[in-house]
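Here's the structure, in structure tokens; my notes come after.
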Amino acid sequence: MRAATAQSKAETLIEALPWLTRFHGATVVIKYGGNAMTDEVLKEGFAEDVVFLHQVGLRPVVVHGGGPQISSALDQLGIESTFTAGLRVTTPEAMQVVRMVLVGQVGRDIVGLVNRHGPFAIGMSGEDAHLFTAVRKHAVVDGEPVDIGQVGEIIKVDAGAVRALIDDGRIPVVSSVARGDDGEIYNVNADTAAAALAVELQAQKLIVLTDVEGLYANWPDDTDVIDSLTGDELEALMPTLSSGMVPKMGACLTAVQGGVPQAHVLDGRVPHSLLLEIFTNEGIGTMVMP
Ligand SMILES: Nc1ncnc2c1ncn2[C@@H]1O[C@H](COP(=O)(O)OP(=O)(O)O)[C@@H](O)[C@H]1O
Ligand SMILES: CC(=O)N[C@@H](CCC(=O)OP(=O)(O)O)C(=O)O
């Protein structure tokens, strides 16, 4: 019995060999979504996975969201908050809360969990060292531009500081707040920020963890997951998507069109989904390829 259990562990390890070889030294940008990070055990598992990737020779970079955490902070402060086309309408007052929650709370939590394993994670706001420069973005509803306040569209990425951290053996943990050349700070959807960074770093993969199994073909009527699709197929689907899937799939499209060979949407509620995606033959979730 013991030998059989040990044997199956060896098989699992050896199945990972081709993937370890293929992704050795590869930069992988991981977007960790607010809805997949509400459970303590899952958060600890996520941190373990990221450290595992680092220790086996990949170069993970984390970009995190925190939508639910921002919403509950705004609620507590009695500040109203709505979404248009998957983006939070952000007043100057809300922007202060967004920055405080993302940079001061959610980012710190992830850094802390990773650093239980060693001196790896360093938190950064997208404002730091001009990482993300943005301009004011309008949402488009029925073809018309709609003002959504201090929401930013990234126009420039300076990833020098991120590269320096990676080269120093660290794991950058980035919050999706951007600076503007106009002196403003901007709230950027974290999926969008992750894609911009993945393109700039020419990552091997963009992996977006969320709270559904992947992209559902006929959501909300049924939950058949689309296993894989091309950038062209995704582009054709984009106008049919709703809510949080709009920025998420838009991010995957930006990544593959920008030279990232694979973009994935995974279920962050599945323990160790990152490892399953990268190191097993089956793969999980939805994969987008150019
Ligand atoms: N086609 C679709 N497939 C899967 N989920 C969808 C789809 N369209 C909309 N959604 C919604 O998008 C949500 C994921 O986006 P979001 O809540 O912004 O996630 P996160 O906080 O992880 O960024 C899902 O929980 C689901 O409610
Ligand atoms: C403009 C915009 O919508 N910004 C997001 C930023 C956080 C985020 O993207 O968090 P998730 O990944 O958890 O959704 C927000 O304010 O909620």
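The values are calculated or read from the model by the stated rules, or taken from the named source; none is laboratory data. Remember, it's a predicted structure, so these values are computed and weren't measured experimentally. Note that we place each Cβ from the backbone using ideal geometry, even for glycine, and neighbour counts take in every protein chain shown.
Structure notes:
- From Ile79, Ile70, residue being under 26 Å from Leu197 (Cβ atoms), at pLDDT 95 or above and within 16 Å of ligand 2 (Cβ to nearest atom): Ile70
- A single member of Val101, Val106 is out of contact with any Cys (no Cβ under 7 Å at 6 or more places or on another chain), touching a residue at least 60 places away in the same chain (Cβ under 8 Å) and either buried (at least 18 other Cβ atoms within 10 Å of the Cβ) or over 30 Å from Phe23 (Cα atoms) (or both), and it is Val106.
- Single residue of Ala47, Ala73 found to be crowded, with 18+ Cβ neighbours inside 10 Å, over 15 Å from the mean Cα position of the chain (by Cα) and in a helix (DSSP H, G or I): Ala73
- Pairs with Cβ under 8 Å, 6+ apart, first in segment 64-75 and closer than 18 Å to Val111 by Cα, second of a type in the set (D, E, K, R) and near ligand 1 (Cβ under 8 Å from one of its atoms): His64/Lys31; Gly65/Lys31; Gly65/Asp191
- Some residue of segment 139-160 being more than 20 Å from Tyr186 (Cα to Cα) and either part of a strand (DSSP E or B) or in contact with a Gly (Cβ under 8 Å, 6 or more places away or on another chain) (or both): yes
- Qualifying residue in segment 226-249 (condition: among the small types (Gly, Ala, Ser), within 8 Å of ligand 1 (Cβ to nearest atom) and within 21 Å of Val28 (Cα to Cα)): no
- Looking across segment 171-193, the residues that are part of a loop (DSSP other than H, G, I, E, B) and either buried (at least 24 other Cβ atoms within 10 Å of the Cβ) or in contact with a Cys (Cβ under 9 Å, 6 or more places away or on another chain) (or both) come down to Ser176, Val188, Asn189.
- Hey, Thr223 free of Cβ contacts under 8 Å to residues at least 24 places away in the same chain, touching a Phe, Trp or Tyr at 6+ places or on another chain (Cβ under 6 Å) and surrounded by fewer than 21 Cβ atoms within 10 Å (Cβ to Cβ) or not: yes
- Test: Val62 is within 24 Å of Asp168 (Cα to Cα), within 16 Å of ligand 1 (Cβ to nearest atom) and modelled with pLDDT of 95 or more: yes
- Options Ala85, Ala3; residue that is surrounded by 11 or more Cβ atoms within 10 Å (Cβ to Cβ) and small (Gly, Ala, Ser): Ala85
- The set of residues in segment 27-42 that are modelled with pLDDT under 95 and within 16 Å of ligand 2 (Cβ to nearest atom) comprises Gly33, Gly34, Asn35, Ala36, Met37, Thr38, Asp39, Leu42.
- Residue in segment 97-116 that is over 29 Å from Met238 (Cα atoms) and either at pLDDT below 95 or not in a helix (DSSP H, G or I) (or both) present: yes
- Pair list, Cβ under 9 Å, 6 or more apart: segment 137-158 residue in contact (Cβ under 8 Å) with a residue 24 or more places away in the chain and at positive phi, other residue within 16 Å of ligand 1 (Cβ to nearest atom) and in a strand (DSSP E or B): Gly149/Arg88; Gly149/Thr90; Gly149/Asn187
- Test: residue in segment 185-198 that is without any contact (Cβ under 8 Å) to a residue 60 or more places away in the chain, in contact with a helix residue (DSSP H, G or I) (Cβ under 7 Å, 6 or more places away or on another chain) and more than 11 Å from ligand 1 (Cβ to nearest atom): no
- Each residue in segment 206-220 was checked for being buried (at least 18 other Cβ atoms within 10 Å of the Cβ) and more than 11 Å from the chain's Cα centre (by Cα), and 4 pass.
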